[in-house]
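Student: What follows is a single structure, and I will ask about it in a moment.
Throughout, read-outs are computed from the coordinates displayed, never taken from laboratory work. All figures in this text were calculated on a predicted structure; none of them were measured in a lab. Please note: Cβ atoms are built from the backbone with ideal geometry, for glycine as well, and neighbour counts cover all protein chains shown.
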Amino acid sequence: MLTGCEAGFLNVPKIKGTHLAMKSGIIAAQSIFENIDKNDEILEYESSIKKSWLWTELYKVRNIRPSFKWGFWKAILYSAIDTYIFRGNAPWTIDHHGTDHESIGNKNEYKEINYPKPDNVISFDRLTNVSFSGTNHEENQPCHLQLKDNEVPINTNFELYDNPETRYCPAGVYEIVLNNNKPKLQINAQNCVHCKTCDIKDPTQNINWVTPQGGGGPNYQGM
Ligand code: SF4
């Protein structure tokens with residue numbers, strides 16, 4: 001069963017999904033409970049989702065995110081029409097533009113963005129933020145961020161894309177270090193907060209996130 005973010009249950013215009021994660025979790029639990037004595041596939045989950053307010057809510061906003069493939073301003077205009085004139089019931093459904101990793105372009109097509117440095121008052125560097133997650137992994141376990149081909153991070157990601165994994169990873173897991181004056185990808189797997197962005201976003205799909213040993217991972221406190 002796919003629930004919450006795993007199933008993409010996010011109301012994009014509201015940028016809210018917690019209530020949908022909770023609702024899909026409740027429906028999943030009910031579906032399991034009602035079929036607990038049957039040693040068979042649970043088919044009610046999908047139909048129960050479709051009968052719930054979760055489906056009605058998400059159906060009405062289904063065209064908003066895909067419309068951004070036309071560019072920001074066209075998407076805003078379309079979204080206003082879809083929301084206020086069709087009220088989410090337009091007689092069409094717009095396709096998404098493709099996969100996330102396909103949207104990464106060659107580094108020569110873009111200008112470098114110089115982000116402001118953290119002020120340590122309301123913004124902090126990545127490693128300080130990672131410390132708030134309480135993430136921890138057993139030492140000496142096999143790296144749970146596996147590369148299908150060890151050459152790709154430098155020969156492809158570095159040469160063509162300027163290593164996007166060093167920027168999209170929220171935990172600073174991926175670093176380019178110099179080894180005998182040659183760039184090398186270093187993977188600081190112990191900092192991983194299990195967002196799985198690298199598994200989705202790597203331009204050649206070379207990174208495979210696997211479950212770490214020993215139940216390690218983020219351990220958020222005070223939530
Ligand atoms: S799963 Fe997320 S936090 Fe972990 S290495 Fe990948 S991008 Fe970084």
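Student: Measuring from a point 7 Å past the Cα of THR204 along Cα-to-C-beta, which residues in the range 98-122 have an amide N at less than 17 Å?
Tutor: The answer is 101-108.
Student: Give a quick list of chymotrypsin sites (Phe, Trp or Tyr not before Pro) in the range 20-87 that DSSP marks as loop, anything other than H, G, I, E or B, with at most 16 other Cβ atoms within 10 Å.
Tutor: For chymotrypsin sites (Phe, Trp or Tyr not before Pro) across the range 20-87 that sit outside H, G, I, E and B with at most 16 neighbouring Cβ atoms in 10 Å, the list reads PHE86.
Student: Rounded to the nearest 0.05, what FRET efficiency do CYS5 and ASN181 give with R0 = 41 Å and r taken as the Cβ-Cβ distance? Could you check?
Tutor: The computed FRET efficiency comes out at 0.45.
Student: Report the longest stretch of the chain that contains none of the GluC sites (Glu not before Pro) sitting in a DSSP loop with at most 13 other Cβ atoms within 10 Å.
Tutor: Here the longest run is 152-223.
Student: Would you give the gap between the C-alpha center of the range 119-186 and the C-alpha center of the range 57-83, rounded to a whole Å?
Tutor: Using only Cα atoms, the two centres lie 34 Å from each other.
Student: Could I ask something else about it? Where does the chain land at 222 nm, in deg cm²/dmol rounded to the nearest 500, when only DSSP H runs of n ≥ 4 count, each adding -39500 (n - 2.57), divided by all residues?
Tutor: Taking each H run of at least 4 residues, the total per residue is -7500 deg cm²/dmol.
Student: Also, I was wondering about something else. Can you give the FRET efficiency for GLU109 and THR56, using 1/(1 + (r/R0)^6), R0 = 41 Å, r = Cβ-Cβ distance, to the nearest 0.05?
Tutor: Taking R0 as 41 Å, the efficiency between GLU109 and THR56 is 0.50.
Student: Something else now. Over the chain, what is the relative contact order in whole percent, taking alpha-carbon pairs under 8 Å and six or more residues apart?
Tutor: Contact order relative to length: 17 percent.
Student: For the range 130-209, which trypsin sites (Lys or Arg not before Pro) pass both filters: DSSP loop (anything but H, G, I, E, B) and at most 12 other C-beta atoms within 10 Å?
Tutor: LYS148
Student: Pull up the cross-link candidates among the lysines for LYS74, meaning alpha carbon to alpha carbon under 22 Å and not fewer than 8 places away within one chain.
Tutor: Excluding near neighbours in sequence, the set is LYS14, LYS60.
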